[in-house]
1. Let me check I've understood the local charge: for Gly120, count other residues with C-beta under 15 angstrom from its C-beta, Lys and Arg +1, Asp and Glu -1. What total comes out?
2. Within straight cross-link reach of Lys126, meaning Cα distance under 25 Å, which lysines are found once same-chain residues fewer than 8 apart are removed?
3. Summing +1 for each Lys or Arg and -1 for each Asp or Glu, what net charge is found among the other residues whose Cβ lies under 12 Å from the Cβ of Gly83?
4. Please name whichever of Ala14, Ala156, Gly119 sits farthest to the positive end of the charge dipole of the chain, dipole taken about the Cα centre and charges placed at Cβ: Lys and Arg +1, Asp and Glu -1.
5. Looking at Ala106, Ala34, Leu180, which one has the Cα that reaches farthest to the positive end of the dipole of the chain (charges on Cβ: Lys, Arg +1; Asp, Glu -1)?
6. Given a Förster distance of 30 Å, report the FRET efficiency between Ala102 and Gln162 from their Cβ-Cβ distance, rounded to the nearest 0.05.
7. If you place +1 on the Cβ of every Lys and Arg and -1 on the Cβ of every Asp and Glu, how big does the dipole about the Cα centre of the chain come out, in debye to the nearest 20?
8. Testing the spin-label approximation: label points 7 Å from Cα along Cα→Cβ at Ala54 and Asn2. State their distance in nm.
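The values are calculated or read from the model by the stated rules, or taken from the named source; none is laboratory data. These figures come from a predicted structure and were not determined experimentally. Every residue, glycine among them, receives a Cβ derived from its backbone with ideal geometry; neighbour counts consider all protein chains shown. For the accessible areas, the whole protein counts, side chains as well, though only heavy atoms, and no ligand, DNA or RNA atoms are used. Shrake-Rupley method; radii C 1.70, N 1.55, O 1.52, S 1.80 Å.
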Amino acid sequence: MNTEFFAAWIDEIAATVRARRDHLTELDAAIGDADHGANLDRGFTAAREALAGASPPTPGALLVLVGSTLIRKVGGASGPLYGTAFREMGKAFGEAAEVSPAELSAALDAALSGVRRLGGAAEGDKTMVDALAPAARALAQAVRDGLKAEEALDAAAAAAGQGAEATIPLQARKGRASYLGPRSIGHEDPGAASTALVLGALKAAASR
């Protein structure tokens, strides 16, 4: 997986977020500020534009640029959280010109650690961690099992989607949704939902 692959990933994310923007906003309207879809659409559109203007030479440089752009362009908590995730992935890659599935797994672990450190959330708190953590575990297991890259990313995307759905019966313990107490139960967490889209886009990029 080279720089071109990760640029394709960002293109896929931007297109997917644009297509699902209203859905993400509806989810956020139920337990948040009703701006998650619009914020992410703006952020990933800006990230794609930044990549077009900069042409980063390595996967690591590309993802660090994406992360920095998201921090600048996305409002609320999503910008720092997503920005940190991408920056941590990029830093984990270092100067490598190509990335193996094992290296991608380690980078996803680094992203998860960064998000946990910044947001203080654990699994079960009804946040993006509920999708990101199972995706990271699934990818690590797929690598240990020797699956091909596309199969490994399929497993990660499926785990993220299942993790996002599993937030529906949870009561939020972090973020704005936590202010609602029991009223947050019965709604899918928008951050977990968007994380599942991001991991689904990674699988789609591998299928190109």
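1. On the way: positive: Arg116, Arg117, Lys126, Arg173, Lys174, Arg176; negative: Glu123, Asp125, Asp130.
With Lys, Arg at +1 and Asp, Glu at -1, the neighbours total +3.
2. Partners within reach: Lys73, Lys174, Lys203.
3. Working: positive: Arg72, Lys73, Arg87; negative: Glu88.
Around Gly83, the surrounding residues sum to +2.
4. Of Ala14, Ala156, Gly119, it is Gly119.
5. Leu180
6. Values: r = 23 Å, r/R0 = 0.77.
That pair, Ala102 with Gln162, gives E of 0.85.
7. Values: 21 positive and 25 negative charges, 103 e Å.
With Lys and Arg at +1 and Asp and Glu at -1, about 500 debye.
8. 2.1 nm
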